[in-house]
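Asker: Can you read through this structure? Questions will come right after.
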Amino acid sequence: MMVRTEEIDSLLSGLANKFGADFKGYSPSFLNERVELLMEEERISSIFSLWSQILRNADLGQKTIRFLQARENSFFHPLTQWKHFKKLLEQRNIGQARILYMQIGQGEGLHSLVLFLEEMGISAKIEATDVDPSLLKVAKRAEYPDLQKQLPIKFRLLFPKGDYNKYLSSSSRNRISSRWQKNLSYSSRNFVKMAPDRNRYDLIICSEVIKRYNESSRLKILDHCHKGLKKGGLLCLGHQDTIYENVPFEALGMGIFEAK
């Protein structure tokens, strides 16, 4: 199935006007691939038909936005990276941290981080951001229908002696207790335009973000991350994300880098 560039541009313009979704700076080839995959999955034969259905069904519009952003919605994903991250933090003996989490989606990764840091004994203030304000609301609720299926196995593999039950709400076993959200703040930001305060963060989570953007936008995001990190601070990317030789980071393995 082939879609023309002008058709995708029209779709993105419609999503921006109706839902406020911002895809500026995204790689055209990445968007083209995602649109074609979505249309195949939904068995839709044209961009015109896709947009017509979105106008009748807002849920399909939100699904389209999430699909184009290629979000991975699960706790402690990927587990191999979290295990490596745990080893790095154990070596550093960190007691407190200020963290920027970019593109939190529905919040599974964010709340995984909160539980992870608590088990590690690290006190942290986390700034959680996303370009989609509607997803910030979902993340704040911290309620997931399949939480009881997702959380226990991976949590025990990371922390065999830990008790994941203490993190669950007493009113709903599918919700993370609000007790564990007191050090979280939420805001909507454009990752290409955002300019964090210099030397502010000990850790920036930018997992599965920069792969969506063109080369120019990727460099801008990486530059913002380096400026925002303290020297020796960690940048956590996704395993599919790339980094450039002229960006001052040292690779620590599994998509994790140290600011020079």
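Asker: For the range 202-217, how many residues are under 26 Å from Leu79 (Cβ atoms) and either over 17 Å from the mean Cα position of the chain (by Cα) or basic (Lys, Arg) (or both)?
Answerer: Residues flagged as under 26 Å from Leu79 (Cβ atoms) and either over 17 Å from the mean Cα position of the chain (by Cα) or basic (Lys, Arg) (or both) within the range 202-217 amount to 3.
Asker: Continuing with this model, one more query. Only one residue in Gln53, Gln62 is modelled with pLDDT of 90 or more and either over 25 Å from Asn199 (Cα atoms) or under 21 Å from the mean Cα position of the chain (by Cα) (or both). Which one? Step through it out loud before you land on a result.
Answerer: Details: Gln62 fails: modelled with pLDDT of 90 or more.
Exactly one of Gln53, Gln62 is modelled with pLDDT of 90 or more and either over 25 Å from Asn199 (Cα atoms) or under 21 Å from the mean Cα position of the chain (by Cα) (or both), namely Gln53.
Asker: How about the range 231-253: which of its residues are charged (D, E, K, R) and either closer than 23 Å to Ile104 by Cβ or at pLDDT below 90 (or both)? Write out each step before concluding.
Answerer: In the first step, residues of the range 231-253 are kept if they are charged (D, E, K, R); the result is 231, 241, 245, 250.
Result: Asp241, Glu245.
Asker: How many of the residues in the range 223-260 are under 12 Å from Leu88 (Cβ atoms) and either outside any strand (DSSP E or B) or hydroxyl-bearing (Ser, Thr, Tyr) (or both)?
Answerer: So the answer is 2.
Asker: Assuming Arg43 fulfils every condition listed in (1) more than 17 Å from Phe23 (Cα to Cα); (2) open to solvent by less than 40 Å² (accessible area, probe 1.4 Å); (3) out of contact with any Cys (no Cβ under 9 Å at 6 or more places or on another chain); (4) not small (Gly, Ala, Ser) apart from one, which condition is it?
Answerer: (2)
Asker: Quick check on Lys193: is it at pLDDT below 95, part of a loop (DSSP other than H, G, I, E, B) and farther than 22 Å from Ser134 by Cβ?
Answerer: Details: at pLDDT below 95: yes; part of a loop (DSSP other than H, G, I, E, B): yes; farther than 22 Å from Ser134 by Cβ: no.
Spelling it out, it is not the case that Lys193 is at pLDDT below 95, part of a loop (DSSP other than H, G, I, E, B) and farther than 22 Å from Ser134 by Cβ.
Asker: Further question: Restrict the check to the range 147-155 and report whether at least one residue is modelled with pLDDT under 95, under 19 Å from the mean Cα position of the chain (by Cα) and open to solvent by 70 Å² or more (accessible area, probe 1.4 Å).
Answerer: No, there is no match, as no residue in the range 147-155 is modelled with pLDDT under 95, under 19 Å from the mean Cα position of the chain (by Cα) and open to solvent by 70 Å² or more (accessible area, probe 1.4 Å).
Asker: Can you say whether Asn214 is open to solvent by 80 Å² or more (accessible area, probe 1.4 Å), more than 20 Å from Gly105 (Cα to Cα) and at pLDDT below 95, as far as the supplied structure shows? Before you say what the answer is, go through the steps one by one.
Answerer: Values: open to solvent by 80 Å² or more (accessible area, probe 1.4 Å): no; more than 20 Å from Gly105 (Cα to Cα): yes; at pLDDT below 95: yes.
No, not satisfied.
For (1) touching a residue at least 12 places away in the same chain (Cβ under 8 Å); (2) surrounded by 12 or more Cβ atoms within 10 Å (Cβ to Cβ); (3) more than 26 Å from Ala21 (Cα to Cα), each residue gets a yes or a no:
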residue	(1), (2), (3)
Leu158	yes, yes, yes
Lys161	no, no, yes
Tyr164	yes, yes, yes
Val192	yes, yes, no
Asp197	yes, no, no
Tyr201	yes, yes, yes
Lys220	yes, yes, no
Lys230	yes, yes, yes
Phe257	yes, yes, yes
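Asker: Something else now. Which of the residues spanning the range 1-46 are at pLDDT below 85, hydroxyl-bearing (Ser, Thr, Tyr) and not in a helix (DSSP H, G or I)?
Answerer: Tyr26, Ser27, listed by residue number.
Asker: Another one. Just one of the numbered conditions (1) under 22 Å from Ser187 (Cβ atoms); (2) crowded, with 20+ Cβ neighbours inside 10 Å is not true of Val138; which one?
Answerer: Failed condition: (2).
Asker: From the list Tyr164, Tyr186, pick out the single residue that is touching a helix residue (DSSP H, G or I) at 6+ places or on another chain (Cβ under 6 Å), of a type in the set (Phe, Trp, Tyr) and closer than 22 Å to Gln103 by Cα.
Answerer: Details: Tyr164 fails: closer than 22 Å to Gln103 by Cα.
When all the criteria are applied, what remains is Tyr186.
The values are calculated or read from the model by the stated rules, or taken from the named source; none is laboratory data. Computed from a predicted model, the values in this text were never measured in an experiment. Neighbour counts are summed over all protein chains in view; Cβ atoms, including those assigned to glycine, are modelled from backbone coordinates with ideal geometry. Heavy atoms of the whole protein, side chains included, go into the accessibility calculation; ligands, DNA and RNA do not. Shrake-Rupley method; radii C 1.70, N 1.55, O 1.52, S 1.80 Å.
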